[in-house]
Amino acid sequence: TSEHLLKLLDVLKPSRKVEISKDLLDAFARTHKPINDPILIHTVFDIARTVHDAIDSLSPEGEQRHISSLICGFINKVECGQDLEQQLNIYVECRAAFSNLDPVKDRLIIAVAALAMKAHRFLKARHTKKTSAFVKACLAYCHITIPSIDDVFRRLHLLLFCGNVALLNQCLPQTDTFLKAAITLIPDVPPMEEFEYKRKHTEARLASFLKGFWSTLVVVPGHPDYGPFYLVQGLLNAIPRYPWQSHTGVLTSLYIHMLPLLCAYTQRKLPYAIERVESNDVLYGGSAEYMTELREHFATVVQAIVEQLT
């Protein structure tokens, strides 16, 4: 917290300043307790920015990973107690300062979502007007930041994660926004990826993600204008637009795994629920129109399975 520390660092040659800043960040992350002192946060933030600004597009991948881990170590130490707005402001500054490193942006998204859940925990899911606005600000931060991450699978998982956070906080429009963004991303998933210098197809990873997606859709309420199954319909439209391999059976397996989701919708009471969120079992109560539309989706999925098998 000495006012002279940053001045001393400025005296050093740029390369030496970066090396010492790395050592300081490493020691700070390993030894320091969570911090809420504004002066200390500002000082370490400046040191982290020095390290971040030393990398460019030509920096080795290992160096970028090392610097990312150092900066994430600083982010993990920031803890403003019940002053959640101050902590969110720090994360906003971090996003602006460390925009070149995807792992840091990833960590910031997780941290901001955790802030929303902290507000949820403090109020036991009973948000006031002020805390509801704060949670929506956190979700907006995540929504803006996720598209800047390069890895498409990481974007998918973050969108689903933030959709779950929004649902738990009863922010239904934001839930729809995150889940729809994930669905529209499915056709953009590249068919091949390189892993340990080998090229492999991405369909198994995508199928694994979608099977987790189904479990969230069980409790997501339908849309007042677009109907109870508009997200299911969006998935049924998006899935065929990805280049699945015909000989592996992954697509067939995926459609088969969709049947339990549709079966859950037929139940008068869903197998699980979110506190203070009315799901389709409450909203539609098994009405005739609801069941008719559900049977149409059953027919579509079963027809797709039969086509795959033949």
Which listed residue is touching a strand residue (DSSP E or B) at 6+ places or on another chain (Cβ under 8 Å) and among the hydroxyl-bearing types (Ser, Thr, Tyr), from Thr216, Thr266, Thr202, Thr252: Thr202
Hits in the stretch 45-81 (condition: more than 14 Å from Phe28 (Cα to Cα) and basic (Lys, Arg)): Arg49, Arg65
Selection status of Val135, at pLDDT 95 or above and either of a type in the set (Asp, Glu) or open to solvent by 50 Å² or more (accessible area, probe 1.4 Å) (or both): no
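Tally up the residues in the stretch 168-195 that are open to solvent by 10 Å² or more (accessible area, probe 1.4 Å) and under 21 Å from Phe134 (Cα atoms), please. Walk me through how you get there before you give the answer.
So in the stretch 168-195, the residues open to solvent by 10 Å² or more (accessible area, probe 1.4 Å) come out as 168, 170, 172-174, 176-177, 180-181, 183-185, 187-188, 190-195.
Still in the running and under 21 Å from Phe134 (Cα atoms): 168, 170, 172-174, 176-177.
Of the residues in the stretch 168-195, 7 are open to solvent by 10 Å² or more (accessible area, probe 1.4 Å) and under 21 Å from Phe134 (Cα atoms).
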Residue check, Val165 surrounded by 14 or more Cβ atoms within 10 Å (Cβ to Cβ), under 18 Å from the mean Cα position of the chain (by Cα) and either within 20 Å of Glu296 (Cα to Cα) or at pLDDT below 95 (or both): no
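For residues that are polar (S, T, N, Q) and part of a helix (DSSP H, G or I), scanning just the stretch 266-304, find the one that is nearest to Thr252 (Cα to Cα).
Just the residues of the stretch 266-304 that are polar (S, T, N, Q), to begin with: 266-267, 279-280, 287, 292, 300, 303.
When the remaining residues are screened for being part of a helix (DSSP H, G or I), the result is 266, 280, 292, 300, 303.
On the way: Thr266: 22, Asn280: 27, Thr292: 24, Thr300: 13, Gln303: 11 Å.
Out of the qualifying residues, it is Gln303.
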Residue match in the stretch 252-261 (condition: over 16 Å from Phe298 (Cα atoms) and open to solvent by less than 60 Å² (accessible area, probe 1.4 Å)): no
Unique match (being within 22 Å of Arg276 (Cα to Cα) and in a loop (DSSP other than H, G, I, E, B)) among His120, His127: His127
Contacts under 9 angstrom Cβ, first residue in the stretch 212-225 being farther than 18 Å from Arg268 by Cα, partner of a type outside the set (A, V, I, L, M) and surrounded by fewer than 18 Cβ atoms within 10 Å (Cβ to Cβ), 6 or more apart: Gly212/His157; Trp214/His257; Trp214/Pro260; His223/Tyr230
Which listed residue, of Ala125, Ala97, is open to solvent by less than 80 Å² (accessible area, probe 1.4 Å), in contact with a Lys or Arg (Cβ under 7 Å, 6 or more places away or on another chain) and in contact (Cβ under 8 Å) with a residue 60 or more places away in the chain: Ala125
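Would you be able to say whether some residue in the stretch 235-244 is polar (S, T, N, Q), at pLDDT 95 or above and buried (at least 17 other Cβ atoms within 10 Å of the Cβ)?
No.
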Residue under evaluation Ser69, criteria (1) of a type in the set (Ser, Thr, Tyr); (2) over 30 Å from Ala119 (Cα atoms); (3) modelled with pLDDT of 95 or more, criterion not met: (2)
Elements of type helices (runs of 4 or more DSSP H) contained in the stretch 132-220, each with 2 or more residues being within 20 Å of Ile109 (Cα to Cα) and charged (D, E, K, R): 152-168, 172-185
The one condition in (1) modelled with pLDDT of 95 or more; (2) more than 20 Å from Met291 (Cβ to Cβ); (3) open to solvent by 60 Å² or more (accessible area, probe 1.4 Å) that His247 fails to fulfil: (1)
Candidate set: the stretch 36-56, residues that are buried (at least 16 other Cβ atoms within 10 Å of the Cβ) and among the β-branched types (Val, Ile, Thr); chosen: the one nearest to Ser2 (Cα to Cα): Thr43
Ser68 being of a type in the set (Gly, Ala, Ser) and surrounded by fewer than 20 Cβ atoms within 10 Å (Cβ to Cβ): no
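The values are calculated or read from the model by the stated rules, or taken from the named source; none is laboratory data. If you're wondering where the values come from, they're calculated on a predicted model, not measured in any experiment. Backbone-built Cβ (ideal geometry, glycine too); neighbour counts: all protein chains shown. For the accessible areas, the whole protein counts, side chains as well, though only heavy atoms, and no ligand, DNA or RNA atoms are used. Shrake-Rupley method; radii C 1.70, N 1.55, O 1.52, S 1.80 Å.
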